[in-house]
Every structure is written in C-alpha cells, then in structure tokens.
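**Student:** Dropping the structure in here first, questions after.
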C-alpha cells in the first residue's frame with residue numbers, strides 16, 4: 001500500500017529538449033551534474049547545443065524540477081549505412097535514484113533514436129558499475145564485454161533512416 005508521501009509525489013516526465021528548452025537544459029546539467037563545483041553552462045551555449053539535431057538531451061522532471069538527464073550523440077556511418085548513436089551519459093539526482101527515472105530516460109532516448117532512423121545505439125560502462133549494468137540490461141541492451149569496460153548495444157530494427165543533416169535551428173518545444 002502506498003504511503004501518503006508516495007501518493008502526492010509528482011509523476012516523472014521525460015522529454016527531448018530543443019533549443020527553446022535551454023533554461024531547463026541548463027538547470028538539469030547544473031543541478032544534477034555540476035552542482036556548485038563550477039559554473040553552469042550559459043543559456044547561449046545550451047541554445048546552440050540543443051539546436052544541433054545530432055545532440056540528444058533527455059531531461060527527467062518531477063513537477064517543474066529537473067531530476068536527471070541522459071545525453072547521446074547521433075553519428076553518421078562512413079559506409080552510408082543507418083546512423084548510430086553514442087549514449088554518452090546518464091545521471092539521476094541522488095534523492096531520485098531507484099525510482100524509475102533512469103529507465104524512463106533510457107526508454108525516451110530509445111524512442112527518439114528509433115524516430116531518427118538510428119540502427120544501433122551503444123553505451124560503455126565498467127562491469128563493476130552494478131547500477132548501470134542493471135539499467136542497461138533491464139532496458140533491452142545486450143552486453144559485449146572484454147576484460148575492461150563493457151559495451152551495451154541497443155538495436156532498432158525496422159526504423160526508417162534519415163539522411164545526415166547539419167540543419168540547426170530553433171523550433172518550439174513539443175512538450
């Protein structure tokens with residue numbers, strides 16, 4: 001049975017940020033990754049970063065508060081095959097870990113990659129990072145390991161492709 005605090009807790013929402021979402025992106029990176037250790041990225045930097053469609057920043061919010069982010073980069077293949085995505089990092093604020101925010105961000109990232117025509121996405125982690133290994137396995141990634149880091153890969157069979165594009169431009173956020 002849910003306690004009173006659990007029932008009143010806002011639902012975690014995840015979405016891909018666009019350049020019109022620069023303020024939220026800045027807050028997510030600043031609060032979750034940087035904290036008070038160094039200056040946060042500028043709004044101008046975040047707008048330019050988010051304007052590049054090859055940059056995917058997924059932010060998890062609870063109410064109006066950013067609680068996590070996932071970052072990936074779309075890459076063109078030299079052989080002209082379907083694009084690939086490097087799942088670069090994921091971070092959830094400590095107070096919100098083990099509550100499903102990471103899983104929701106990965107699922108949102110997978111949906112974005114599929115819509116972008118990505119054939120494969122990969123992420124690298126240490127086999128001793130139990131939380132990351134569990135997250136990637138639970139969201140459908142397959143491990144390809146060696147003695148050092150382990151690479152987890154997601155395949156997106158059947159998604160359509162899109163031609164490489166460096167068209168950067170701001171457009172209104174869709175969420």
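The values are calculated or read from the model by the stated rules, or taken from the named source; none is laboratory data. Keep in mind it's a predicted model, so treat the numbers as computed, not measured. Neighbour counts run over all protein chains shown; Cβ positions are idealised from the backbone, glycine included.
**Student:** Look at residue 14 and say whether it is within 23 Å of residue 118 (Cα to Cα), in contact with a strand residue (DSSP E or B) (Cβ under 7 Å, 6 or more places away or on another chain) and surrounded by 18 or more Cβ atoms within 10 Å (Cβ to Cβ).
**Tutor:** So residue 14 passes the test.
**Student:** Output the residues belonging to segment 138-160 that are on the phi > 0 side of the Ramachandran plot and at pLDDT below 90.
**Tutor:** Of everything in segment 138-160, just one residue is on the phi > 0 side of the Ramachandran plot and at pLDDT below 90, namely 158.
**Student:** Need the failing condition index for residue 45 against (1) surrounded by 13 or more Cβ atoms within 10 Å (Cβ to Cβ); (2) touching a strand residue (DSSP E or B) at 6+ places or on another chain (Cβ under 8 Å), just the number.
**Tutor:** Every listed condition holds for residue 45 apart from (2).
Residues checked against (1) in contact with a helix residue (DSSP H, G or I) (Cβ under 6 Å, 6 or more places away or on another chain); (2) in contact (Cβ under 8 Å) with a residue 12 or more places away in the chain:
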residue: 47; (1), (2): yes, yes
residue: 50; (1), (2): yes, yes
residue: 53; (1), (2): no, yes
residue: 68; (1), (2): yes, yes
residue: 79; (1), (2): no, no
residue: 84; (1), (2): no, yes
residue: 87; (1), (2): no, yes
residue: 106; (1), (2): no, yes
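**Student:** When you check residue 51 against the structure, is it modelled with pLDDT of 95 or more, touching a strand residue (DSSP E or B) at 6+ places or on another chain (Cβ under 7 Å) and within 20 Å of residue 108 (Cα to Cα), yes or no?
**Tutor:** No; evaluated as a whole, the condition is false for this residue.
Rundown of residues vs (1) in a strand (DSSP E or B); (2) surrounded by 22 or more Cβ atoms within 10 Å (Cβ to Cβ), yes/no style:
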position: 67; (1), (2): yes, yes
position: 70; (1), (2): yes, yes
position: 74; (1), (2): yes, yes
position: 78; (1), (2): no, no
position: 82; (1), (2): no, no
position: 87; (1), (2): yes, yes
position: 90; (1), (2): yes, yes
position: 98; (1), (2): no, no
position: 102; (1), (2): no, yes
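**Student:** For segment 112-122, name all the residues that are in contact with a strand residue (DSSP E or B) (Cβ under 9 Å, 6 or more places away or on another chain) and assigned to a helix (DSSP H, G or I).
**Tutor:** 112, 113
**Student:** Determine if segment 50-60 includes at least one residue that is surrounded by fewer than 14 Cβ atoms within 10 Å (Cβ to Cβ) and under 27 Å from residue 155 (Cα atoms).
**Tutor:** No, segment 50-60 has no match at all.
**Student:** Please verify whether segment 69-80 includes one or more residues that are farther than 22 Å from residue 155 by Cα and in contact with a strand residue (DSSP E or B) (Cβ under 6 Å, 6 or more places away or on another chain).
**Tutor:** Looking for residues that are farther than 22 Å from residue 155 by Cα and in contact with a strand residue (DSSP E or B) (Cβ under 6 Å, 6 or more places away or on another chain), one finds none in segment 69-80, hence no.
**Student:** Related question: If you check 68, 63, which single one turns out to be under 23 Å from residue 22 (Cβ atoms) and at pLDDT below 95?
**Tutor:** So the residue among 68, 63 that is under 23 Å from residue 22 (Cβ atoms) and at pLDDT below 95 is 63.
**Student:** Exactly one of these conditions fails for residue 25: (1) farther than 26 Å from residue 140 by Cα; (2) over 12 Å from the mean Cα position of the chain (by Cα); (3) buried (at least 20 other Cβ atoms within 10 Å of the Cβ). Give me its number.
**Tutor:** (2)
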